[in-house]
1. Can you tell me what the convex hull of the Cα atoms of the stretch 93-195 projects to on average, as an area in nm²?
2. Using Cα positions and a limit of under 19 Å, work out the lysines in reach of LYS236, with same-chain residues fewer than 8 apart set aside.
3. Please name which of LEU253, LEU184, ALA65 has its Cα lying farthest along the dipole of the chain towards the positive end, using unit charges on Cβ (Lys, Arg +1; Asp, Glu -1) and the Cα centre as origin.
4. About the Cα centre of the chain, what is the dipole size in debye to 20, counting +1 per Lys and Arg Cβ and -1 per Asp and Glu Cβ, all else neutral?
5. Going by a ≥ b ≥ c, the root eigenvalues of the Cα gyration tensor, does the stretch 1-133 fall in the rounded group (a/c under 1.5), the prolate group (a/b larger than b/c) or the oblate group?
6. In 10 Å bins starting at zero, report the fraction of Cα pairs in the chain per bin as a rounded %.
7. Take MET93, MET113, MET153 and order them by how many other Cβ atoms sit within 10 Å, fewest up front.
8. Give me the dipole magnitude in Debye, nearest 20, for the stretch 73-165 about the Cα centre, with unit charges on the beta carbon: positive for Lys and Arg, negative for Asp and Glu.
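Since every read-out is calculated from the coordinates, none of them should be taken as a lab result. Here the structure is a predicted model, which means the values were calculated and not measured. For neighbour counting, all protein chains shown are included, and Cβ atoms are generated from backbone atoms with ideal geometry for every residue, glycine included.
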Amino acid sequence: MTSQALLTHLAADRARVDAYLARLFESRRQVPAPRLDAAMRHALLVGGKRLRPLLVYLAGRALGASDEALDPSAAAVELIHAYSLVHDDLPAMDNDDLRRGQPTVHRAFDEAMAILAGDALQTLAFEVLATSEHPRLPTLIQTLATAAGRDGMVGGQALDLDAVGGHPDVDALAIMHAHKTGALMRAAVRLGAVTAVVAEDPRVTALDRYAEALGLAFQVHDDILDVTGDTQTLGKASGADAAREKPTYPALLGLEGARRKATELVDEALSALAPLGEAGTSLAELARYMIERDH
Ligand code: GRG
């Protein structure tokens with residue numbers, strides 16, 4: 001069962017980052033582009049669990065950062081995530097009609113507006129991060145850029161597209177996911193850690209190990225949900241991976257094998273947290289939640 005403390009964090013931090021993100025649309029913009037703004041808001045503010053901002057807040061707080069110092073990173077990582085989902089759903093990629101229980105952006109608006117909304121969400125992420133007055137701002141920007149780009153999420157997406165219909169083994173699948181979804185989760189934890197700790201600290205290495213295992217556990221569970229979940233609860237089409245002949249953990253390991261793998265990865269994430277002691281409690285709860293969630 002997900003603990004009450006974690007649910008409280010989820011709700012409070014979601015409200016915090018949502019208020020921050022909503023304010024981005026209140027300031028007067030030089031170009032009046034209401035359809036673009038509506039498409040961006042649809043992508044960003046309608047639904048979603050805000051797991052990546054939560055990782056920024058929990059990792060940063062565990063090492064002593066203030067919420068105010070963490071806000072730009074939490075918002076930036078969600079902006080990158082939102083852009084990636086909009087582009088991933090496009091006809092040229094996964095061609096999905098449903099996301100977060102709503103029509104995808106290209107369905108609610110049109111394809112061109114979805115491409116532009118994704119582009120603008122991505123650049124807004126860096127605009128927001130650049131407002132941080134943190135002394136390690138260049139490190140924050142580089143962390144997010146590397147995780148989002150060719151050597152991170154975009155590279156992983158390219159591996160994924162090329163793997164469709166192929167037969168990668170478990171190791172190749174892990175490499176693809178470590179980039180496609182893992183890189184941004186690792187970046188979320190690292191942004192929190194970098195914000196908190198100005199000098200090198202062994203707890204940052206511990207958090208890196210935690211995030212690596214957590215990111216993969218999230219993905220293995222996502223593959224499992226695609227088999228066991230229903231479209232209404234998931235908010236996106238279930239069974240989509242099999243329909244597209246995507247390589248997945250249940251396909252390679254069987255459902256039980258995939259469940260075992262997810263549990264092993266969470267155990268790995270939990271043991272990585274040892275150097276944080278009590279300060280790692282919320283991160284540990286989040287790791288358990290990753291494989292208990294139903295959407
Ligand atoms: C288009 C450059 C580019 C990259 C896309 C992340 C990604 C790469 C695609 C997402 C495809 C997908 C559905 C992958 C499964 C794992 C995943 C990222 C699920 C969505 O993340 P959640 O569950 O979503 O955190 P919410 O809606 O809660 O924010």
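1. Averaging across all directions leaves 8.0 nm² for the Cα convex hull.
2. Qualifying lysines at Cα under 19 Å: LYS49, LYS180, LYS246.
3. Result: ALA65.
4. Result for the chain is approximately 600 debye, rounded to the nearest 20.
5. oblate
6. 6, 29, 38, 22, 5, 0
7. In increasing order of surrounding Cβ atoms, one gets MET93, MET113, MET153.
8. My answer is approximately 280 debye.
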